[in-house]
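Participant: Can you read through this structure? Questions will come right after.
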Amino acid sequence: MNISVRTLRSYWQITPLSLVLLCFLVFPILTIVIVSFWDFNAYQLLPDFTFDNYAYSLTSDVTLKAYINTFFYAIATWLITLTLGFTVAYYLAFHIESNLMRNLLFILCTIPFLTSNIIRMISWIPLLGRNGLVNGLLTGSGMVDHPVEWLLYSDFSVILAFVHLYTLFMVVPIFNAMTRIDKKLIEAAMDAGASTLQTIFLVIVPLCKSGIVVGTVFILTLVMGDFITVRLMSGGLSASVGVLIYNEISLLQYPAAAADAVILLMTILTIFSILFRFVDIKKEL
């Protein structure tokens, strides 16, 4: 009798969270999957069961180019944010002895992220524009004869905005993993004759791989699902899967947008399943 009561109590405890997940996660995803098989015309949705939306998405050159751009942005942003995030986290974790100073510097890193993403993106326009501050300095110093055109409304500006927006999502998990590393291991590696680079790659990186994987999950999810950054910072000259879905929604092509969203979701889940083979997230967290 006690076992049944305990079991019933456990079910009651998980019921609120289960309802929240069903209402705000499972049900919306199921709705998107169902709509992705519908048909449509210029005026309305047509409930149906057709694979035409998936067939078009998987065979269209437009979709292929959008995915190529999306993976390019994601990989470039990941490499840069990983380098910056690891460097900042390493400095905070192993070169700042005072916990108070470490916390103050960490909070200082988070201050720019308290503002709106849109504001932070727009702030680059007067800096990188043809008549912006950077081009003014370059032409004024004689380094270039004409303003540099590729600084704004290009792949460079898109990646720069992504790095500016999302670096903190790589710093935090890596820093959290590094703070749990016993510094005696670092000292032991140094005493054994290991150089700084050997210590980093043979000791620190393996011990903070959980933070790297979590940061990677954040970066890939945010970049691959983003559309406003690509649209704004490229001036509408570049495309991504997020922009493609946004354009389809703007044209009331909801089934096509739903199909692209499902394909994007499956792509991201496949990448994550590969990443999670390298680290047990449940154990590490």
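Participant: Exactly one of (1) modelled with pLDDT of 90 or more; (2) more than 18 Å from the chain's Cα centre (by Cα) is unmet by residue 245. Its number?
Facilitator: (2)
Participant: Taking the options 277, 231, name whichever one is farther than 18 Å from residue 37 by Cα and either assigned to a helix (DSSP H, G or I) or in contact with a His (Cβ under 8 Å, 6 or more places away or on another chain) (or both).
Facilitator: Values: 277 fails: either assigned to a helix (DSSP H, G or I) or in contact with a His (Cβ under 8 Å, 6 or more places away or on another chain) (or both).
One residue alone meets the criteria, 231.
Participant: Sticking with this structure for a sec: I'd like to verify a number: residues in region 132-189 that are hydroxyl-bearing (Ser, Thr, Tyr) and within 23 Å of residue 83 (Cβ to Cβ), how many?
Facilitator: 5
Participant: Which residue, of 201, 175, 169, is free of Cβ contacts under 8 Å to residues at least 24 places away in the same chain, closer than 21 Å to residue 275 by Cβ and of a type in the set (A, V, I, L, M, F, W, C)?
Facilitator: None of the other options fit; the residue is 201.
Participant: Scan region 74-127 for residues that are of a type in the set (A, V, I, L, M), free of Cβ contacts under 8 Å to residues at least 12 places away in the same chain, surrounded by 13 or more Cβ atoms within 10 Å (Cβ to Cβ) and under 25 Å from residue 155 (Cα atoms) and report the count.
Facilitator: 3
Participant: Filter region 49-73 down to the residues that are surrounded by 12 or more Cβ atoms within 10 Å (Cβ to Cβ) and of a type in the set (D, E, K, R), then identify the one that is nearest to residue 252 (Cα to Cα).
Facilitator: Checked region 49-73; the qualifying residue nearest to residue 252 (Cα to Cα) is 52.
Participant: Kindly check whether there is at least one residue in region 210-232 that is buried (at least 16 other Cβ atoms within 10 Å of the Cβ), in contact with an Asp or Glu (Cβ under 9 Å, 6 or more places away or on another chain), among the hydrophobic types (A, V, I, L, M, F, W, C) and farther than 26 Å from residue 51 by Cα.
Facilitator: The answer is yes, given that some residue of region 210-232 is buried (at least 16 other Cβ atoms within 10 Å of the Cβ), in contact with an Asp or Glu (Cβ under 9 Å, 6 or more places away or on another chain), among the hydrophobic types (A, V, I, L, M, F, W, C) and farther than 26 Å from residue 51 by Cα.
The values are calculated or read from the model by the stated rules, or taken from the named source; none is laboratory data. Since the model is a prediction, treat every value here as computed from it, not as a measurement. Backbone-built Cβ (ideal geometry, glycine too); neighbour counts: all protein chains shown.
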